[in-house]
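Step one of this worksheet: look at the structure below.
The values are calculated or read from the model by the stated rules, or taken from the named source; none is laboratory data. The structure presented is a predicted model; accordingly, all values stated were derived computationally and were not measured. Note that each Cβ is placed from the backbone with ideal geometry, even for glycine, and that neighbours are counted across all protein chains shown. To get the accessible areas, we keep the full protein, side chains included, count just its heavy atoms, and leave off ligands, DNA and RNA. Shrake-Rupley method; radii C 1.70, N 1.55, O 1.52, S 1.80 Å.
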Amino acid sequence: MRANDPSNKVFYKGKSDDFIVFVEDAATLKNWKNDSSVPLSDVVNGWKIFVTHKHGSQGVLDGASKASLENEFGTSREEDCVEKILRGGELQGYTQRERGGDTNVQNGPLGAH
């Protein structure tokens, strides 16, 4: 995936923290909500729950600890937590900034000589 491709995430504002799960697309999420036979693995993009430390949907993303999941959802089982986030959260689309970088690193440093 290119850095500037549009992506989707589900933002869940919890009591103790805010959580984010990335999803493939809005249509797949909607299908899953309406039909529980759709595998959760088809909905989620990268099986990871992120926490923003109460900085909203734009905060720095860290991996959620088992303790933070247990405090918020009453379980640290990731499948249960992801399901609760997807059902109770808000779908948000966004586009990541395009990453800049050296196009030809074989030329060496690009600083003044």
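Quick one: what pairs do we get from the stretch 27-44, first residue without any contact (Cβ under 8 Å) to a residue 12 or more places away in the chain and of a type outside the set (S, T, N, Q), second open to solvent by 80 Å² or more (accessible area, probe 1.4 Å) and not in a helix (DSSP H, G or I), C-beta under 6 Å, 6+ apart or different chains?
none
Which of the residues spanning the stretch 45-56 are within 21 Å of residue 77 (Cβ to Cβ) and either open to solvent by 30 Å² or more (accessible area, probe 1.4 Å) or in contact (Cβ under 8 Å) with a residue 40 or more places away in the chain (or both)?
Across the stretch 45-56, the qualifying residues are 45, 46, 47, 48, 50.
Within the stretch 66-75, which residues are surrounded by 12 or more Cβ atoms within 10 Å (Cβ to Cβ) and within 16 Å of residue 15 (Cβ to Cβ)? Don't jump to the end; show me each part of the working.
Here is the first cut: in the stretch 66-75, the ones surrounded by 12 or more Cβ atoms within 10 Å (Cβ to Cβ) are 66, 68-73, 75.
If the condition is that a residue be surrounded by 12 or more Cβ atoms within 10 Å (Cβ to Cβ) and within 16 Å of residue 15 (Cβ to Cβ), then 68, 69, 70, 71, 72, 73, 75 are the ones that fit.
Name the residues in the stretch 25-44 that are buried (at least 16 other Cβ atoms within 10 Å of the Cβ) and under 16 Å from the mean Cα position of the chain (by Cα), would you?
Passing the criteria: 28, 29, 43, 44.
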